[in-house]
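As structure tokens, the structure follows; a few thoughts come after it.
The values are calculated or read from the model by the stated rules, or taken from the named source; none is laboratory data. Computed from a prediction, not measured in an experiment: that's the story for all the values here. Remember, those area values only see protein heavy atoms, side chains included, never the ligands or the DNA or RNA. Shrake-Rupley method; radii C 1.70, N 1.55, O 1.52, S 1.80 Å.
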Amino acid sequence: SATLNAGDVFNGGMGNDTLSVAGLPGSQPFNSYDFTQTTILSVETLSLSNPSTSYALVLYFDSAQFGAGLSNSLNVDGGGDAAWIYVNMSAPGVFTTADWTFTNFSQCEVRISGSTGTDTITVGGAYVIGFSVDGGNGNDVIDGSQALRASLGGSLGDDTLIGATGGI
């Protein structure tokens, strides 16, 4: 896994900007990048590549990094590889992937962990193998109706889980 430090800044500036993340050859069992302590500003595209095609690229983010940092309508390009994207909600609030675009993955899973308070989480986006959401404690609303495949869980609290009709 690569070393990212608290205080590292990725600033896209004006226009449409891309944060490129490349795996390291021969990394086992996966290439892991923890962005949770970094500052990300004005990034619209996340471009992934992983020369270790036998292993997934694993990325960790905090929900607070979306909005002014990573775009709420993020374009995620998998480079033809597999990736797991983890988003932790360190504070209660609203988080959605419904406007994200996913392209060029062999497989992709997005896992979201809610906070200890009341959260509203919406998941969706094409080209994703699956979403996994744990609302955490609190009275959460978790909407998976826009997802092709989603596993929704509420943990403690009085939660509302919304799934899609039909299936694949």
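In this structure, is Asn104 open to solvent by 10 Å² or more (accessible area, probe 1.4 Å), at positive phi and either within 14 Å of the chain's Cα centre (by Cα) or not small (Gly, Ala, Ser) (or both)? Walk me through it before giving the result.
Values: open to solvent by 10 Å² or more (accessible area, probe 1.4 Å): yes; at positive phi: yes; either within 14 Å of the chain's Cα centre (by Cα) or not small (Gly, Ala, Ser) (or both): yes.
Judged against the criteria, Asn104 is a match.
Can you pull out every residue in the range 47-91 that is assigned to a strand (DSSP E or B), small (Gly, Ala, Ser) and open to solvent by less than 50 Å² (accessible area, probe 1.4 Å)? Step through it out loud before you land on a result.
Quick first cut of the range 47-91, residues assigned to a strand (DSSP E or B) only: 47-49, 56-62, 66, 70-88.
Filter once more, so that each one left must be small (Gly, Ala, Ser): 47, 49, 56, 71, 73, 78-80, 82-83.
Selection gives Ser47, Ala56, Ser71, Gly78, Gly79, Gly80, Ala82, Ala83.
Considering (1) part of a loop (DSSP other than H, G, I, E, B); (2) open to solvent by 40 Å² or more (accessible area, probe 1.4 Å), say which one Gly117 fails and leave the rest.
(2)
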